[in-house]
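Here is the structure we will look at.
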Protein chains: 2
Amino acid sequence: MRIDVLLSPGDWPAKSGFQGQVAVIDVLRASTSIITALSNGAEAVIPAASPEEAVALRERLPAGRTLLCGERGGLIIPGFDLGNSPAEYSAGRVSGKTLLFASTNGSRMIVQAARGGRPVCVAGFVNADAVSRRLAEGTEDILLACAGRDGAFSLEDATAAGLLAGAIRQLAGSGCSLSDEAAAAALLHRGFADDLEGMAAGSEHGIYLTGLGLGADISACVTRDAFQTVPVLSDGALVAT
Amino acid sequence: MRIDVLLSPGDWPAKSGFQGQVAVIDVLRASTSIITALSNGAEAVIPAASPEEAVALRERLPAGRTLLCGERGGLIIPGFDLGNSPAEYSAGRVSGKTLLFASTNGSRMIVQAARGGRPVCVAGFVNADAVSRRLAEGTEDILLACAGRDGAFSLEDATAAGLLAGAIRQLAGSGCSLSDEAAAAALLHRGFADDLEGMAAGSEHGIYLTGLGLGADISACVTRDAFQTVPVLSDGALVAT
């Protein structure tokens with residue numbers, strides 16, 4: 001088994017031939033919100049590549065059981081039911097509902113990763129232990145795909161990828177190798193492990209969110225293993241496993 | 001002054017609006033060979049985007065004073081005068097000569113970085129001190145552009161970028177900020193600083209070169225500050241400064 005990391009969405013062309021299991025990481029905040037929603041009883045989360053796609057998808061689903069969710073520029077999309085703060089995804093709001101989810105980076109990366117039928121799950125700090133154990137059980141190669149920020153690298157996603165790479169390697173043992181990207185990410189995580197919140201708050205996107213008044217989300221997004229849920233894509237919808 | 005790092009060539013679209021000074025890094029081995037050549041008296045190194053472009057350029061230059069240099073798949077290109085081992089670029093071979101240089105990653109990145117008239121220099125471990133001092137004197141934003149490997153990330157280039165980012169920030173003082181990528185690269189360098197050769201030999205490209213019998217190049221490529229030369233692009237040719 002080989003563990004690779006997509007450090008930035010811009011590297012997709014170089015990794016497009018990847019065959020194996022993909023875990024999509026968007027720590028601030030799509031991964032965290034999706035994991036929170038499914039842990040709190042949402043029936044499914046359907047990732048959309050754009051808000052327009054989410055709206056179009058809703059028209060094909062039964063009325064009353066769907067919520068439009070997501071953000072543009074970090075803020076709730078006008079006319080949508082929920083934004084992208086994990087705290088919005090309480091059991092009271094999402095239990096039994098199907099969520100149509102359009103975020104700038106995370107949901108697009110999920111849609112992109114799934115092309116060609118690759119198995120895709122969603123990972124963050126909040127379910128790192130569950131995802132690591134799940135992926136270490138398999139024999140397939142693994143690509144930890146960082147959603148990044150506006151098409152480029154983000155520190156918090158790479159750090160989470162490093163946590164996962166290190167944990168999976170430890171669980172899978174000597175037959176598991178790391179790419180250059182995975183080795184770099186693992187070293188990043190070792191550097192930041194003692195202060196994940198400081199790392200995330202000091203990252204470009206952390207600073208941006210704080211500027212929007214959304215800094216309180218950061219703490220939830222770096223809480224290790226708050227959930228044991230692994231969202232897995234099945235027929236275009238993420239479901240809890 | 002802001003220091004950013006292009007961790008992978010795939011991130012160019014996200015950075016294409018960059019205005020400022022670019023330093024191109026291809027530790028294994030184009031940066032190192034180019035810096036070595038200019039330190040050993042080569043008159044100029046003209047980066048070409050492809051071997052074909054290098055051959056076409058030669059036909060427009062005076063005969064007898066040019067050398068065709070570069071690699072494909074790590075090996076000298078058939079019909080070329082020199083490959084991409086720094087040891088080939090001795091004073092005896094290159095002094096007074098103009099080198100047409102086509103490598104898989106490095107020369108292409110130089111050509112790409114120079115589009116739009118951006119100032120471009122070439123950096124590696126072998127001239128890190130000289131480049132850092134030069135760039136810290138300026139006021140422009142800095143992009144440390146890793147040439148990477150086949151369009152993707154390489155550990156040794158990111159580590160060298162981290163050395164430069166840390167050194168420039170220290171020299172430039174409090175007015176200097178680091179992007180997420182620069183912060184990550186600086187942490188990588190701190191992790192590997194005590195064993196640059198082990199890092200480079202264990203990287204994907206280091207392993208590949210060793211497999212080709214070119215492992216002896218690695219040591220030369222991670223030798224800190226062997227030269228004080230800063231190759232600077234001027235009218236399409238790199239010259240020593």
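The values are calculated or read from the model by the stated rules, or taken from the named source; none is laboratory data. Here the structure is a predicted model, which means the values were calculated and not measured. In this analysis, Cβ positions are derived from the backbone assuming ideal geometry, glycine residues included, and neighbour counts consider all displayed protein chains.
Computed values, structure above
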item	result
Sole residue being farther than 21 Å from A:Gly148 by Cα, surrounded by 20 or more Cβ atoms within 10 Å (Cβ to Cβ) and among the polar types (S, T, N, Q), chosen from A:Thr36, A:Thr66	A:Thr66
Some residue of the stretch A:152-174 being facing chain B (nearest Cβ under 8 Å) and surrounded by fewer than 24 Cβ atoms within 10 Å (Cβ to Cβ)	no
Flag for B:Val94 being within 14 Å of chain A (Cβ to nearest Cβ) and either surrounded by 24 or more Cβ atoms within 10 Å (Cβ to Cβ) or in contact with a Lys or Arg (Cβ under 8 Å, 6 or more places away or on another chain) (or both)	no
Spans of helices (runs of 4 or more DSSP H) in the stretch A:138-241 with at least 2 residues touching a residue at least 24 places away in the same chain (Cβ under 8 Å), out of contact with any His (no Cβ under 7 Å at 6 or more places or on another chain) and polar (S, T, N, Q)	none
Yes/no for A:Ala130 being more than 10 Å from every other protein chain (Cβ to nearest Cβ), outside any helix (DSSP H, G or I) and within 17 Å of the chain's Cα centre (by Cα)	no
Filter pass, B:Ser177 being over 18 Å from the mean Cα position of the chain (by Cα) and either at the interface with chain A (Cβ under 10 Å from one of its Cβ atoms) or among the polar types (S, T, N, Q) (or both)	yes
Residue check, B:Leu100 not in a loop (DSSP other than H, G, I, E, B) and not charged (D, E, K, R)	yes
Tally, over the stretch A:107-134, of residues that are of a type in the set (A, V, I, L, M, F, W, C) and either free of Cβ contacts under 8 Å to residues at least 24 places away in the same chain or over 19 Å from A:Arg169 (Cβ atoms) (or both)	8
Evaluation of A:Phe192 against (1) of a type in the set (Phe, Trp, Tyr); (2) facing chain B (nearest Cβ under 10 Å); (3) over 26 Å from A:Leu135 (Cα atoms) (one fails), failing number	(3)
Exclusive hit being farther than 18 Å from B:Ala147 by Cβ and assigned to a helix (DSSP H, G or I), set B:Gly92, B:Gly79	B:Gly92
Count - residues of the stretch B:6-31 that are hydroxyl-bearing (Ser, Thr, Tyr) and more than 12 Å from chain A (Cβ to nearest Cβ)	1
Residue list for the stretch A:1-52, filter: closer than 22 Å to A:Asn84 by Cβ, modelled with pLDDT under 95 and of a type in the set (A, V, I, L, M, F, W, C)	A:Ala49
Test: residue in the stretch A:48-66 that is in contact with a Lys or Arg (Cβ under 8 Å, 6 or more places away or on another chain), in contact (Cβ under 8 Å) with a residue 60 or more places away in the chain, under 27 Å from A:Glu204 (Cα atoms) and outside any helix (DSSP H, G or I)	yes
First in the stretch A:2-26 and at positive phi, second anywhere and surrounded by 18 or more Cβ atoms within 10 Å (Cβ to Cβ) and not in a loop (DSSP other than H, G, I, E, B), Cβ under 9 Å, 6 or more apart	A:Gly20/A:Asp4; A:Gly20/A:Ile142; A:Gly20/A:Leu143
Count - residues of the stretch A:131-147 that are at pLDDT below 95 and either within 18 Å of B:Pro9 (Cβ to Cβ) or crowded, with 24+ Cβ neighbours inside 10 Å (or both)	0
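To keep it simple, each residue is scored yes or no on (1) more than 9 Å from B:Leu143 (Cβ to Cβ); (2) surrounded by 24 or more Cβ atoms within 10 Å (Cβ to Cβ); (3) among the acidic types (Asp, Glu); (4) touching a Phe, Trp or Tyr at 6+ places or on another chain (Cβ under 8 Å).
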residue: B:Ile3; (1), (2), (3), (4): no, yes, no, no
residue: B:Ser8; (1), (2), (3), (4): yes, yes, no, yes
residue: B:Gly17; (1), (2), (3), (4): yes, no, no, no
residue: B:Gln21; (1), (2), (3), (4): no, no, no, no
residue: B:Leu28; (1), (2), (3), (4): yes, yes, no, no
residue: B:Thr32; (1), (2), (3), (4): yes, yes, no, yes
residue: B:Asn40; (1), (2), (3), (4): yes, no, no, yes
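For every residue, the table says whether it meets (1) of a type in the set (Ser, Thr, Tyr); (2) within 14 Å of chain B (Cβ to nearest Cβ).
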residue	(1), (2)
A:Asp4	no, yes
A:Ser33	yes, no
A:Leu38	no, no
A:Pro51	no, no
